[in-house]
Every structure is written in C-alpha cells, then in structure tokens.
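K.L.:
Could you have a look at this structure, given as structure tokens, before my questions?
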Amino acid sequence: MGGLDIFISYARKDLSRVEPIARALESLGYGVWWDADLRAGRRFDEEIERALAAARCVLVVWTATSVQRQWVRAEAAEALDANKLVPVFLEPVKPPLYFRHVHGVDLGGWDGRPEHGGFQRLRRDIAELAGPGTDAGDAGPEMVWAAALPPPKVGEPGSVFHDQLKDGGQGPQMVWLPPGGFLMGSPDTDKVADADERPQHEVRIARPFAIGRFPVTFADYDRFCVVAGREKPGDRGWGRDRYPVINVSWKDAVAYCLWLSGQTGRTYRLPSEAELEYACRAGTQTRWSCGDDEKALADHAWFDGNSGGKTHPVGEKAANPWGLHDMHGNVWEWVQDHWHDNYQGAPDDGRAWDDISGGWRVLRGGGWIDEVQSRRSACRTLVDPGLHFPDAGFRLALGLEPASQPG
C-alpha cells in the first residue's frame, strides 16, 4: 500500500501485547503507525492527530486498561465518526458505551499464527478499508508467525552464526554486534562530505543486534526465488553463488527478509541506516574503517579503481575490525530508512527513520563502479524503492526488536 494504512490506538501498558499485531501487519505490507516511537522534539498530540487523519483504518485495541484511557476513547470516537474504526479485543471487556454497537475482532487467544480465525477476520476487516496489503506479503503467510515470535538468543559480540532453514539448508552468516554509541555522519571540517551527512550527531544503540557478515549472495537469494516462484535477478554474466546478489529493489530485499523469517523462526529485516553505519565504522570515526588514507582501501573494498567493472565474490577483501566484509564496496546496500536531506530531527537511538508518507529509500556502502569517496562510512544516497541496479544489493539485520521510527 502507499503511505499510512493503519493507525493503532492502545494503552501504553499493553505495548508488549500490541507490538506483535503491529509487526504482523507490517509483514503483510501495510504502513502501520503506533506511538511506540514518537519522535523527540515534536508535540505528540499534533503528530498523533496528523497520523490519525492520514490513516485509512484505525485499530482500537480494547483491554481492561485501554477502556479507561481518555486518549484511546478520543481516538476511537474520531475513527468511528470517519467510518474507519476496527475494534480489537485482547480480553473480554466492555468497551465504552458509545462503541458497544460496533462489532470487534477477538484476538484474545491469538498465538501469532496467520491461520487463526480472529487474525483472518482482522485481515478481512482491514482489507475493506485499506486494501489487501502489498506484494511484500507475497513471500508467504508464515511471515506473520515470525513477526510474533520471541526475540532471539543473543550471542557474544563478534560471534558468527547461521540459522537452519526449514528445508535443511543454512541461512546467511550473521555476526552479533555489541550495543554502544558513535557519531553518525560527517563533521563540518570534512571538506569532501556532502550536506546530507550533517549535522553529525550522537547515536546510542542500547541493545545488541546481528548483521550479515557479507552482503546477501546469489546463492542465498536464488533459493528464495525457487521456493517463492519468483524470477531470479540477472547477474550480467559475472557469476552467481558467492557473488553478491544485484538487480534487486528495496521491495525485493524486504520480501526476502520476510521469507527468511518464516524459514528460520526469527524476525530478519533490513538494517536501519544508523545500524549499518555503526557496523561499518566498527568503533572508528575515520573516513573509512581502515583509516583516513584512501590508499589502504584497496585491501578492503572493490571500487572503480580495482573492480574491473564488475562485482566480485563476497569476502575476498579484508574484514573491518568487527569481522564484517564488503562494507566499503562491492555493492550498495539497501537499508530500511526513507530518505531525508539531512539529519535534522533524526532519531538518536539507532532506529530507522521512516516516513508515513512514503518516498525514496536509502542506499549505503558504495558499489564496484564508484570512486573511493563514495564508500566513506558516512556516505549515503537515495533511490526509488521499486527500482533495481547492477551495483545494488543488501545485507541482513536481526535484532531484539525491529528498528523503526515514524517520521
């Protein structure tokens, strides 16, 4: 769908029960707004009103707590007056008198599985107001189950692992990264930096997360295409198997993440822009993770001066200090974030900066065709999420919670 599809009204005390619903609906391709991640610096009432008016459908989650909350009642009344109210019950309670004539969906016994009768009815009710969702959900209904699973067990920072797939195969190699803080973007003193890399600002990532050791390869992506019945992207004759997958759009990358989530029982996703820069820098604040001398970059990346005009198998160049390969080149990598022209108002906790209005998405890392300055740790560019290119692929993330912040 385009823009904001669903607004969720709930009591903050019920957040842990509401989040699986929100993530399951997101996995079906809906744009979902809920106030778990209200941006700092904005009046919350203005942002809520803006999102409430823009949404095609309003889910009001009734519980013993929410029926007593004036904000929830007010949002429900606004939705009812606009003929876009879908009540959801997580427990047997009586809603406020004004809403008792509106039939709701019982999700009190929902275990996260898509075939649950209550969830199926919820999907039908939402589809009547907001449409059936987008092709991001075409990777299969099992993604809904993955969205509601408990968080993964965290390994030691730097430890490498891969998940088993349902068919007995292995998922991509992942590396656990530690929580921490860093300065995102470029300082004003860096004369080669672009304006969109400023203002440089501190970001603190509070929880560990895992990121792909390499970009997703053709071997990884082709397996998904065979199972899902999707056309395989072209490789320009350069090679498949250990070569990074190319010619995939942002939407293709999201579909793969959803399929892998269903295969593994973990919620894989694209990294946020902040997470990818944090992983790329690996504790450094220099232009590249290998320092400020561009001559050293040839040992770490493929770019216009050494690529021979094509991609190369992942992992052939040296890793960064955290054991991650191809962070400064080979292919540009999709991240979750929508594009913003600068970092004014950007989140400071590592979450993705998503806009409810939709728009261009961000690519990071630099490709085989670009010069060395385009593969600096802070470098970024914008692309239509529906397009694909021979120098763009993606890398996976796996965290304790999805990284998203409405913009």
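The values are calculated or read from the model by the stated rules, or taken from the named source; none is laboratory data. Quick caveat, the model's predicted, so the values are computed rather than measured. Neighbour counts run over all protein chains shown; Cβ positions are idealised from the backbone, glycine included.
K.L.:
Taking Leu260 as the residue in question, decide whether it is in contact with a Lys or Arg (Cβ under 6 Å, 6 or more places away or on another chain), aliphatic (A, V, I, L, M) and assigned by TED's automatic domain parsing to the domain that holds Asn330. Even if it seems obvious, please write down each step before you answer.
P.N.:
On the way: in contact with a Lys or Arg (Cβ under 6 Å, 6 or more places away or on another chain): no; aliphatic (A, V, I, L, M): yes; assigned by TED's automatic domain parsing to the domain that holds Asn330: yes.
Answer is no for this residue.
K.L.:
Determine whether Asp135 is loosely packed, with under 15 Cβ neighbours inside 10 Å and either modelled with pLDDT of 95 or more or within 28 Å of Arg230 (Cβ to Cβ) (or both). Break it down stepwise before answering.
P.N.:
On the way: loosely packed, with under 15 Cβ neighbours inside 10 Å: yes; either modelled with pLDDT of 95 or more or within 28 Å of Arg230 (Cβ to Cβ) (or both): yes.
Considered against the rule, which asks whether it is loosely packed, with under 15 Cβ neighbours inside 10 Å and either modelled with pLDDT of 95 or more or within 28 Å of Arg230 (Cβ to Cβ) (or both), Asp135 comes out as yes.
K.L.:
Please find, among Asp220, Asp235, Asp188, the residue that is assigned to a loop (DSSP other than H, G, I, E, B) and touching a helix residue (DSSP H, G or I) at 6+ places or on another chain (Cβ under 9 Å). If you could, list the steps in order and put the result at the bottom.
P.N.:
Working: Asp220 fails: assigned to a loop (DSSP other than H, G, I, E, B); Asp188 fails: touching a helix residue (DSSP H, G or I) at 6+ places or on another chain (Cβ under 9 Å).
Unique residue meeting the criteria: Asp235.
K.L.:
Report the residue count in the range 331-342 for those that are crowded, with 23+ Cβ neighbours inside 10 Å, modelled with pLDDT of 95 or more and either of a type outside the set (Asp, Glu) or out of contact with any Lys or Arg (no Cβ under 7 Å at 6 or more places or on another chain) (or both). Don't jump to the end; show me each part of the working.
P.N.:
As a first pass, look at the range 331-342 and keep what is crowded, with 23+ Cβ neighbours inside 10 Å: 331-337.
Filter again for modelled with pLDDT of 95 or more, leaving 331-335.
Filter once more, keeping what is either of a type outside the set (Asp, Glu) or out of contact with any Lys or Arg (no Cβ under 7 Å at 6 or more places or on another chain) (or both): 331-332, 334-335.
Qualifying residue count, the range 331-342: 4.
K.L.:
Hey, among Pro187, Pro199, Pro179, Pro157, which residue is surrounded by fewer than 16 Cβ atoms within 10 Å (Cβ to Cβ) and without any contact (Cβ under 8 Å) to a residue 24 or more places away in the chain?
P.N.:
Values: Pro199 fails: without any contact (Cβ under 8 Å) to a residue 24 or more places away in the chain; Pro179 fails: without any contact (Cβ under 8 Å) to a residue 24 or more places away in the chain; Pro157 fails: without any contact (Cβ under 8 Å) to a residue 24 or more places away in the chain.
Sole residue among the options that is surrounded by fewer than 16 Cβ atoms within 10 Å (Cβ to Cβ) and without any contact (Cβ under 8 Å) to a residue 24 or more places away in the chain: Pro187.
K.L.:
Another question, if that's okay. Check Lys295, Lys310 and return the single one that is in the same structural domain as Pro178 (by TED's automatic domain parsing), assigned to a helix (DSSP H, G or I) and among the basic types (Lys, Arg). Walk me through it before giving the result.
P.N.:
Working: Lys310 fails: assigned to a helix (DSSP H, G or I).
Checking each option against the conditions leaves just Lys295.
K.L.:
Is it the case that the range 248-258 has a residue that's touching a strand residue (DSSP E or B) at 6+ places or on another chain (Cβ under 7 Å), of a type in the set (A, V, I, L, M, F, W, C) and in a loop (DSSP other than H, G, I, E, B)?
P.N.:
Looking only at the range 248-258, we keep the residues that are touching a strand residue (DSSP E or B) at 6+ places or on another chain (Cβ under 7 Å), and these are 248, 250, 253, 257.
When the remaining residues are screened for being of a type in the set (A, V, I, L, M, F, W, C), the result is 248, 250, 253, 257.
Subsequent filtering for residues that are in a loop (DSSP other than H, G, I, E, B) retains 248.
Yes; the residues of the range 248-258 include at least one that is touching a strand residue (DSSP E or B) at 6+ places or on another chain (Cβ under 7 Å), of a type in the set (A, V, I, L, M, F, W, C) and in a loop (DSSP other than H, G, I, E, B).
K.L.:
Here's something else I'd like to know. Give just the number: which of (1) within 24 Å of Gly133 (Cβ to Cβ); (2) at pLDDT below 90; (3) of a type in the set (A, V, I, L, M, F, W, C) does Phe44 not satisfy?
P.N.:
(1)
K.L.:
Within the range 321-332, is there a residue that is over 22 Å from Ala210 (Cα atoms) and over 16 Å from the mean Cα position of the chain (by Cα)? Can you show your working first?
P.N.:
Here is the first cut: in the range 321-332, the residues over 22 Å from Ala210 (Cα atoms) are none.
No.
K.L.:
A follow-up question, please. Among the residues of the range 221-240, is any closer than 23 Å to Cys280 by Cα and touching a Pro at 6+ places or on another chain (Cβ under 6 Å)?
P.N.:
No, the range 221-240 contains no residue that is closer than 23 Å to Cys280 by Cα and touching a Pro at 6+ places or on another chain (Cβ under 6 Å).
K.L.:
Can I ask one more? Here is a list of conditions, (1) at pLDDT 90 or above; (2) over 22 Å from Thr267 (Cα atoms), and Asp370 meets all of them except one; can you say which number that is?
P.N.:
It is condition (1) that Asp370 fails.
K.L.:
Related question: Which of (1) buried (at least 18 other Cβ atoms within 10 Å of the Cβ); (2) at pLDDT 90 or above; (3) outside any strand (DSSP E or B) does Pro152 not meet, given it meets every other one?
P.N.:
(2)
K.L.:
Counting only residues that are at pLDDT below 80 and in a loop (DSSP other than H, G, I, E, B), which one in the range 29-41 is nearest to Asp81 (Cα to Cα)? I'd like the intermediate steps shown before the answer.
P.N.:
Residues of the range 29-41 that are at pLDDT below 80, as a first pass: 29, 34-41.
Still in the list and also in a loop (DSSP other than H, G, I, E, B): 29, 34, 38-41.
Working: Gly29: 26, Trp34: 20, Leu38: 25, Arg39: 27, Ala40: 30, Gly41: 30 Å.
Here the residue is Trp34.
K.L.:
What residue, among those in the range 222-255 that are under 18 Å from Gly212 (Cβ atoms) and under 12 Å from the mean Cα position of the chain (by Cα), is surrounded by the most Cβ atoms within 10 Å (Cβ to Cβ)?
P.N.:
Ala253
K.L.:
Answer yes or no: is there a residue in the range 301-311 that is at pLDDT 95 or above, surrounded by 16 or more Cβ atoms within 10 Å (Cβ to Cβ), farther than 25 Å from Leu258 by Cβ and among the basic types (Lys, Arg).
P.N.:
Within the range 301-311, one or more residues are at pLDDT 95 or above, surrounded by 16 or more Cβ atoms within 10 Å (Cβ to Cβ), farther than 25 Å from Leu258 by Cβ and among the basic types (Lys, Arg).
K.L.:
Is one or more of the residues making up the range 366-379 in contact with a Ser or Thr (Cβ under 6 Å, 6 or more places away or on another chain), more than 22 Å from Ile246 (Cβ to Cβ) and either assigned to a loop (DSSP other than H, G, I, E, B) or of a type outside the set (Val, Ile, Thr) (or both)? Working first, answer last.
P.N.:
From the range 366-379, those in contact with a Ser or Thr (Cβ under 6 Å, 6 or more places away or on another chain) are 366, 368, 378; that's our starting set.
Those left that are additionally more than 22 Å from Ile246 (Cβ to Cβ): 378.
Imposing the further condition that a residue be either assigned to a loop (DSSP other than H, G, I, E, B) or of a type outside the set (Val, Ile, Thr) (or both) reduces the set to 378.
Checking the range 366-379: at least one residue is in contact with a Ser or Thr (Cβ under 6 Å, 6 or more places away or on another chain), more than 22 Å from Ile246 (Cβ to Cβ) and either assigned to a loop (DSSP other than H, G, I, E, B) or of a type outside the set (Val, Ile, Thr) (or both).
K.L.:
Is it true that Val102 is more than 20 Å from Glu47 (Cβ to Cβ), in the same structural domain as Leu122 (by TED's automatic domain parsing) and assigned to a strand (DSSP E or B)? Please lay out each step first, then the result.
P.N.:
Numbers: more than 20 Å from Glu47 (Cβ to Cβ): yes; in the same structural domain as Leu122 (by TED's automatic domain parsing): yes; assigned to a strand (DSSP E or B): no.
No; evaluated as a whole, the condition is false for this residue.
K.L.:
Could you run through the range 105-134 and say how many residues are in contact with a strand residue (DSSP E or B) (Cβ under 7 Å, 6 or more places away or on another chain) and either outside any loop (DSSP other than H, G, I, E, B) or touching a residue at least 60 places away in the same chain (Cβ under 8 Å) (or both)? Step through it out loud before you land on a result.
P.N.:
The first filter runs over the range 105-134 and keeps only residues in contact with a strand residue (DSSP E or B) (Cβ under 7 Å, 6 or more places away or on another chain), leaving 105-108, 118, 121-122, 125-126, 129-130.
If we keep only those that are either outside any loop (DSSP other than H, G, I, E, B) or touching a residue at least 60 places away in the same chain (Cβ under 8 Å) (or both) too, we end up with 105-107, 118, 121-122, 125-126, 129-130.
Number of matching residues: 10.
K.L.:
Moving on. Applying the selection to the range 168-185, what residues are closer than 29 Å to Tyr221 by Cβ and of a type in the set (Gly, Ala, Ser)?
P.N.:
Within the range 168-185, Gly168, Gly169, Gly171 meet the criteria.
K.L.:
Of all the residues that make up the range 224-245, how many are of a type in the set (Lys, Arg) and under 24 Å from Ser159 (Cβ atoms)? First the steps, then the outcome.
P.N.:
Taking the range 224-245 as the starting set, the residues that turn out to be of a type in the set (Lys, Arg) are 230, 232, 236, 240, 242.
If we keep only those that are under 24 Å from Ser159 (Cβ atoms) as well, we get 242.
Of the residues in that region, 1 qualify.
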